[in-house]
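Take a look at the structure below.
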Ligand code: GDP
Ligand code: MG
């Protein structure tokens with residue numbers, strides 16, 4: 001299956017719930033008028049886009065209709081697609097991993113898909129011939145380490161771990177030492193996702209950050225927050241909260257395949273300023289896609 005078809009399949013639920021609704025509204029009108037705009041707005045609000053994103057889209061749409069003199073409801077499809085693409089685009093949307101090693105820290109609350117996404121990202125790099133090591137810095141549950149081991153093996157990546165309950169920052173340190181000694185291209189560190197104690201989380205992330213800066217000064221770094229699309233507005237809240245306690249460089253939005261709430265992709269960037277860099281569309285190793293706003297908008301809103 002090509003990337004576009006895969007994305008379309010992953011977005012089926014979202015598309016069926018929100019964007020088919022838009023399609024039928026557009027078909028039921030013969031010209032663009034206030035009533036049409038109100039119906040569109042209602043669909044966006046009741047989807048999981050939330051208020052700020054809905055208002056932004058409607059504002060842009062009104063401006064476009066005026067400036068381009070749109071009259072035909074059929075033209076709204078293309079306009080919406082363009083507006084959404086622009087909302088999701090970012091000049092830093094591609095992972096920056098030019099230095100050797102480059103370090104990716106993966107954070108987020110439990111169950112969102114961190115470990116799974118790390119396995120998938122590792123596989124993406126190993127398939128490009130890069131040498132990858134993953135660090136099991138989620139040391140709170142032994143199960144977390146063994147799950148990461150399974151993924152590392154599938155991906156053909158090395159793993160560095162310590163006993164359950166070890167200091168996560170010391171695992172990061174060990175992983176960086178391993179990467180330097182073994183000439184690795186990419187370091188990816190799993191972390192435990194505890195948001196209930198902000199101070200603690202912030203301290204821990206800062207400690208890891210300091211170790212990375214000390215051990216690999218000037219290296220390319222990504223701090224990726226993983227959020228689960230099925231949780232809709234909750235995922236957005238997590239993105240907002242995490243972006244307050246740490247510097248995020250990107251978001252991984254998982255479980256689009258199991259969710260009708262994929263519309264939050266449009267809201268994330270607007271509300272946090274952080275671009276979505278990957279989307280998860282399934283549980284298999286190749287079910288993670290680098291995020292392409294234009295392709296995404298096209299898969300969501302088709303003619
Ligand atoms: P963590 O606690 O954040 O490390 O989350 P895990 O990586 O353990 O994932 C939790 C569950 O979500 C697992 O059952 C994964 O298979 C599942 N999962 C992760 N990403 C996706 C995805 O993109 N689609 C689907 N359907 N399931 C996913
Ligand atoms: Mg995990």
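The values are calculated or read from the model by the stated rules, or taken from the named source; none is laboratory data. Just so you know, these numbers come straight off a predicted model, no measurement behind them. With ideal geometry, Cβ positions are generated from the backbone for all residues, glycine too; neighbour counts draw on all protein chains shown.
Just for helices (runs of 4 or more DSSP H) wholly inside the stretch 1-54: which have at least 1 residues that are out of contact with any helix residue (DSSP H, G or I) (no Cβ under 8 Å at 6 or more places or on another chain) and in contact (Cβ under 8 Å) with a residue 60 or more places away in the chain? Break it down into steps so the answer makes sense when it comes.
Details: elements: 3-10, 20-28, 34-46.
By residue number, 3-10.
Each row is one residue, and each column tells you yes or no for (1) surrounded by fewer than 24 Cβ atoms within 10 Å (Cβ to Cβ); (2) assigned to a helix (DSSP H, G or I); (3) more than 16 Å from ligand 2 (Cβ to nearest atom); (4) more than 12 Å from the chain's Cα centre (by Cα).
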site	(1), (2), (3), (4)
83	yes, yes, yes, yes
92	yes, no, yes, yes
99	yes, no, yes, yes
105	no, no, no, yes
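Considering every residue within the stretch 110-119, establish whether at least one is more than 21 Å from residue 227 (Cα to Cα) and out of contact with any helix residue (DSSP H, G or I) (no Cβ under 6 Å at 6 or more places or on another chain). Checked against the condition, which is being more than 21 Å from residue 227 (Cα to Cα) and out of contact with any helix residue (DSSP H, G or I) (no Cβ under 6 Å at 6 or more places or on another chain), the stretch 110-119 yields no hits at all.
Quick check on my filter: what residues within the stretch 55-74 are part of a helix (DSSP H, G or I) and at pLDDT below 95? 74, the sole residue that qualifies.
Would it be correct to say that residue 116 is away from ligand 1 (no atom under 14 Å from the Cβ), in a helix (DSSP H, G or I) and at pLDDT 95 or above?
Numbers: away from ligand 1 (no atom under 14 Å from the Cβ): no; in a helix (DSSP H, G or I): yes; at pLDDT 95 or above: yes.
Considered against the rule, which asks whether it is away from ligand 1 (no atom under 14 Å from the Cβ), in a helix (DSSP H, G or I) and at pLDDT 95 or above, residue 116 comes out as no.
The number of residues in the stretch 146-155 being near ligand 2 (Cβ under 9 Å from one of its atoms) and surrounded by fewer than 22 Cβ atoms within 10 Å (Cβ to Cβ) comes to 1.
If the condition is being modelled with pLDDT of 95 or more, away from ligand 1 (no atom under 13 Å from the Cβ) and more than 30 Å from residue 199 (Cβ to Cβ), then the stretch 245-290 contributes only 290. Out of the residues in the stretch 156-178 that are touching a helix residue (DSSP H, G or I) at 6+ places or on another chain (Cβ under 9 Å) and farther than 24 Å from residue 111 by Cβ, which is surrounded by the most Cβ atoms within 10 Å (Cβ to Cβ)? Looking at residues that are touching a helix residue (DSSP H, G or I) at 6+ places or on another chain (Cβ under 9 Å) and farther than 24 Å from residue 111 by Cβ, I get 176.
State all residues of the stretch 180-206 that are within 22 Å of the chain's Cα centre (by Cα), without any contact (Cβ under 8 Å) to a residue 60 or more places away in the chain and more than 16 Å from ligand 2 (Cβ to nearest atom); if no residue qualifies, say none. Listed by number, the residues that qualify are 196, 198, 202, 206.
Only one of the listed residues (135, 129) is within 16 Å of ligand 2 (Cβ to nearest atom) and outside any helix (DSSP H, G or I). That residue is 135. Scanning the stretch 282-300 for residues that are within 16 Å of ligand 2 (Cβ to nearest atom) and either buried (at least 18 other Cβ atoms within 10 Å of the Cβ) or within 19 Å of residue 19 (Cβ to Cβ) (or both) yields a total of 1.
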